[in-house]
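To start, the structure under review is shown below, and the notes come after it.
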Amino acid sequence: MNKIERKEKFITISKNQEIELHLFDKENKNIIYSLEKNSKLIVYQYGFDINNNIEIQLNGENSEVEYHYSLIGHQNTQYNILVLHNANNTKSNIYNHGLNVLNNKMDFNIVGKVPKKSKNCICNQENQIINLKNGNSTILPNLLIDQYEVVSNHSAYIGKFKDDILFYLMSRGISKKRGYELLIKSFLINNSNKQEDLINLEKEISKI
Amino acid sequence: MLELKNIYVKVKDTDKEIIKNLSLKIGKGEVHAIMGPNGTGKSTLSKTLMGYYKYELTKGDILFNGKSIKNLEVDERAKCGIFLAMQDPTVINGVTNSEFLKTAKRELTNEPLDYFDFIKSIEKSLDSLNFDYSMIHRHVNKNFSGGEKKKNEILQIQILKPKFIILDEIDSGLDVDSLKIVCKNISSYLKENKDTSILIITHYPRILEYIKPDYVHIMNNGKIEKTGDITLALETEKSGYNSINKMNGKEKNE
């Protein structure tokens, strides 16, 4: 098997800091985030035909992460994210959206880990992959929790856009093609309100 | 405006026939109501008119302004001016009401949007529907209450300006105050757009007190059994749908 080349990045969010990142990636990356006490990290990351490994270490008490990851795949793609709740009162909300455009593989491996020593944590993940054709997609939504005082939710959906949604759009005069564009854009923008994200994303969507 | 000529409708890929030899003519500016018990094919009829993918028109024809629409796609029917206000409007996660309405308006008119006019008409509709302005930035029907979903359908009518409106149980799940607001807005739309026709699908005559129908049809077993005016709706409410069946049986026997 070919070894996947990845660039390495280490990012530390210092005590009491809040950071929002908007990333557009076209090359494979390993990113490790380390969050100190009372810090907050918000990320909107958009990947195009890449493989990513993300590790988020919630090392300080009351640290918090909100991670929005969207991936467009025209070839085989792999995305791994590991969230480590290493301190009390830490919180993670992870939203992973993948669009498998052709008949390839798209694999998501999503892990939230709360060890026994970390109390009162919130560990949530929401995962979706839309197959536009007959791609072979998998999601592994793993919650490894060794502590009772935790709030944790996970969801995983693999499939196509629902026919009833398309019917509703078309019943208002929107063509099938435009309806798909609207659904793809909304799905991949993944709750970002930044105009620049939308413009960059629209450029990529127009290539589908 | 709309003419159904001896239509038969079945569930696609099955033998289950729901509508059997149904004919109906709705003229410009007319308001028709179809009432009937559960499972009689009222909602199937409304969705068939819009071209719903799960139903198949096996015989007959649907004419809109003299032209057959039976082979048109759903969006092409909407572009003709047909609008289906749904009983349970679909949630579209991620798409805001604003984006949805802008896209629909552009697609329907095939022209660039006049943003000033668009915003003005949205504000006017939101006020008149007693809707909070923030709803325009919410995702379509997501976390909307039953009443909000129905009001959102009316908002779309006011913005997209259809010529033929099907109200599929728009009164279900509405409290008295919301029903009044919804009906008042539909009546105002009819006053401003006199050529617009409406087909109301309902179980109860309550909505017909606010939007007066020219004709009331009682539907049973996939066909129209009886046609009359508002008094037919009131009689049916008093005596139930079984009495219509019995009456029809008696008439046939005689």
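Observations, loosely collected:
- Test: residue A:187 is in a loop (DSSP other than H, G, I, E, B), at pLDDT below 95 and within 24 Å of residue A:78 (Cα to Cα): no
- Answer residue from region A:48-66, given it is within 30 Å of residue A:208 (Cα to Cα) and either touching a residue at least 60 places away in the same chain (Cβ under 8 Å) or not in a strand (DSSP E or B) (or both) and is least open to solvent (accessible area, probe 1.4 Å) among those: A:50
- The residue that is nearest to residue B:86 (Cα to Cα), among those in region B:135-155 that are part of a helix (DSSP H, G or I) and within 14 Å of another protein chain (Cβ to nearest Cβ), is B:153.
- Among the residues of region B:82-117, the ones that are within 7 Å of chain A (Cβ to nearest Cβ) and aliphatic (A, V, I, L, M) come to 5 in all.
- A single member of A:16, A:80, A:76 is within 19 Å of residue A:95 (Cβ to Cβ) and open to solvent by 10 Å² or more (accessible area, probe 1.4 Å), and it is A:80.
- Of all residue pairs spaced 6 or more apart or on separate chains, those with beta-carbon atoms under 6 Å, a first member in region A:27-47 that is over 13 Å from residue A:92 (Cβ atoms) and a second member that is open to solvent by 20 Å² or more (accessible area, probe 1.4 Å) and of a type in the set (A, V, I, L, M, F, W, C) are A:28/A:4; A:32/A:10; A:45/A:23; A:46/A:24.
- Among the residues listed as A:117, A:177, A:162, the single one being surrounded by fewer than 22 Cβ atoms within 10 Å (Cβ to Cβ), at pLDDT 95 or above and more than 18 Å from the chain's Cα centre (by Cα): A:117
The values are calculated or read from the model by the stated rules, or taken from the named source; none is laboratory data. Predicted model only: the values in this text are computed from it and were never measured. Glycine gets a Cβ as well: all are built from the backbone with ideal geometry, and neighbour counts include every protein chain shown. The protein model used for the area step is the full one, side chains on, heavy atoms only, and it has no ligands, DNA or RNA in it. Shrake-Rupley method; radii C 1.70, N 1.55, O 1.52, S 1.80 Å.
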